[in-house]
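The values are calculated or read from the model by the stated rules, or taken from the named source; none is laboratory data. Everything quoted here is computed from the prediction, not taken from an experiment. Note that we place each Cβ from the backbone using ideal geometry, even for glycine, and neighbour counts take in every protein chain shown.
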Amino acid sequence: MARDTGRVLAGRWDEPTGGEGFSPGGSYPIARDTRFSTAAAAVTTTRFEPRPTTIVPISNFGSEFVPLRPIYVVLDESAMGVFTAASYDLELVGQGDTEFEAIDDLKAQVVEIYSVLREQRDNLSQPLAGKLMFFESLEKKS
């Protein structure tokens, strides 16, 4: 495969009766927008290195929510350097510049959502009432 250096290709499309695709001996001249091809080359040559995913148990959410057992959180780092902490059981995701910030963001969301659900217990839709029941099933009773 020829490497695109941002120059216009010196080739021609095949004649309709001569076949399909690009051929150096075809009869229709083609050109490529070099701005797009340079950007596309930069994107296609950027390598994505998969980062390891870490699973972390969290049992301390503060005094507002104390779980019976640890809640497992998936820590991940994006290619842009942003960390996420995801609890698939709770359907929540926290973000931050570090792993600790992502976990803290997730913890704050858990406490906030649980607090709001408890306060609005009588006004919840069926899906939110189910989420509250799930939170309560996880909480350690004093």
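Some points to look at:
- Residues in segment 58-69 that are aliphatic (A, V, I, L, M) and either modelled with pLDDT under 90 or assigned to a loop (DSSP other than H, G, I, E, B) (or both): Val66, Leu68.
- Residue match in segment 118-130 (condition: under 18 Å from Val66 (Cβ atoms) and under 18 Å from the mean Cα position of the chain (by Cα)): no
- Of the criteria (1) closer than 21 Å to Val66 by Cβ; (2) exposed (fewer than 13 other Cβ atoms within 10 Å of the Cβ), which one Gly94 fails: (2)
- Residues that are farther than 20 Å from Pro57 by Cβ and outside any loop (DSSP other than H, G, I, E, B), drawn from segment 96-112: Glu112
- Filtering segment 70-88 to residues that are part of a loop (DSSP other than H, G, I, E, B) and either in contact (Cβ under 8 Å) with a residue 40 or more places away in the chain or of a type in the set (Val, Ile, Thr) (or both) leaves only Val82.
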